[in-house]
């Protein structure tokens, strides 16, 4: 099996580690702490999605770290999530690091279970441990490791704490010095039976058999294309696989688990198991931090939409009202320059057609556009960037995801509209 267009180029002897995780768990902070200035930003292979790679050296061994786009699930609903899935599944990584938020561990463990199905050589990084302790939470890292069957390391990337143990765990996993028993969600019996049937028909592909079987049963067109490109063969066109998919589909249909119901059953099993793991390994009452209290306001059933409309209205009001004064000043300054240019053309005795074309045409148009557009842009885009840095834009995408899915898109598309 080859990675095809998804394969990351590496230097001789270099080990590739894929960093993945949900947005706002400190993944980029961890990536920056590990790579320092040895970073490169560009389009992912085969995708028009910007990502970053960086290098880390430990005990003379070079590591190429790929900072995958933030994703809540490998069931990709956007180009960023598809890029993260494809590079994780087919990119030839020697190991994966899944970054979680210690203060909201339950939200991340569903993704952890999905990654374990794809990449058994995984290290779970429970980040923001310092923030969790401030909120009265303690994570049983050893207990979580025993239940997941892979190493679990606690870090506080912002303080550069836990980085050495994390890379030591990555090194041990790649070199096979750790016995791995990756956990899996407990799917409904009909799903397990169908997956086993398809897995037997597919045979050896170089990828985890159960994950390939579930992917074929899901039938997502984007994933099927990626799987075909990575394997160099169309599994769905093979007679044995086609027959197994037909038989498995009949069993799922009897259990009323076809189409979206199948996806929901698989996702629900992963979320349910993640919640169980969080309850078993997180101790403390967990005083709600300001971030969690703000989340309740910004994503609550009754408060989220009014809060979103009010916040966006405030941004637009600041943009329009704040741009008026600098726009007037800029307009006066630019048109003062226009009058001086006119004086210059008169002094030089230039013909009227030249003055009209250059001053009243080209310069006046440029002056109007600059005076009208520059001030609001200079206010709006920094405000929008601030909302992104504060983590609010992903919450807007979450709020509007259901509505946008009905239009065949995803919540992230709301940000461009």
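Residues in the stretch 89-104 that are outside any strand (DSSP E or B) and either closer than 20 Å to residue 13 by Cα or at pLDDT 90 or above (or both): 90, 91, 92, 93, 94, 102. Of 223, 294, all but one fail to be within 30 Å of residue 102 (Cα to Cα), modelled with pLDDT under 85 and surrounded by 16 or more Cβ atoms within 10 Å (Cβ to Cβ); the exception is 294. Within the stretch 185-206, the set of residues being part of a loop (DSSP other than H, G, I, E, B) and crowded, with 19+ Cβ neighbours inside 10 Å comprises 185, 187. Criterion applied to 314, 341, 366 was being part of a helix (DSSP H, G or I) and touching a helix residue (DSSP H, G or I) at 6+ places or on another chain (Cβ under 7 Å), and the one residue passing it is 341. With respect to the conditions (1) at pLDDT below 65; (2) outside any strand (DSSP E or B); (3) out of contact with any helix residue (DSSP H, G or I) (no Cβ under 7 Å at 6 or more places or on another chain), residue 9 lacks only one, and its number is (1).
Could you please let me know if residue 351 is surrounded by fewer than 14 Cβ atoms within 10 Å (Cβ to Cβ) and either modelled with pLDDT of 90 or more or in contact with a strand residue (DSSP E or B) (Cβ under 6 Å, 6 or more places away or on another chain) (or both)? Yes. Of the residues making up the stretch 148-178, those that are more than 24 Å from residue 278 (Cβ to Cβ), part of a loop (DSSP other than H, G, I, E, B) and more than 24 Å from the chain's Cα centre (by Cα) are 175, 176, 177.
Exactly one residue out of 394, 326, 382 is under 38 Å from the mean Cα position of the chain (by Cα), part of a helix (DSSP H, G or I) and crowded, with 17+ Cβ neighbours inside 10 Å: that is 394.
Filtering the stretch 207-220 to residues that are modelled with pLDDT of 85 or more and surrounded by fewer than 16 Cβ atoms within 10 Å (Cβ to Cβ) leaves only 218. Could you tell me whether residue 180 is surrounded by 19 or more Cβ atoms within 10 Å (Cβ to Cβ) and either closer than 17 Å to residue 114 by Cα or in contact (Cβ under 8 Å) with a residue 12 or more places away in the chain (or both)? For residue 180, the condition - surrounded by 19 or more Cβ atoms within 10 Å (Cβ to Cβ) and either closer than 17 Å to residue 114 by Cα or in contact (Cβ under 8 Å) with a residue 12 or more places away in the chain (or both) - is not met. Being at pLDDT 85 or above and over 23 Å from residue 90 (Cα atoms) is a description that does not apply to residue 238. Looking only at the stretch 34-54, residues that are surrounded by fewer than 18 Cβ atoms within 10 Å (Cβ to Cβ) and either at pLDDT 75 or above or assigned to a strand (DSSP E or B) (or both) come to 7 in all.
The values are calculated or read from the model by the stated rules, or taken from the named source; none is laboratory data. Predicted model, so just to flag it, every value in this text is computed and none were measured. With ideal geometry, Cβ positions are generated from the backbone for all residues, glycine too; neighbour counts draw on all protein chains shown.
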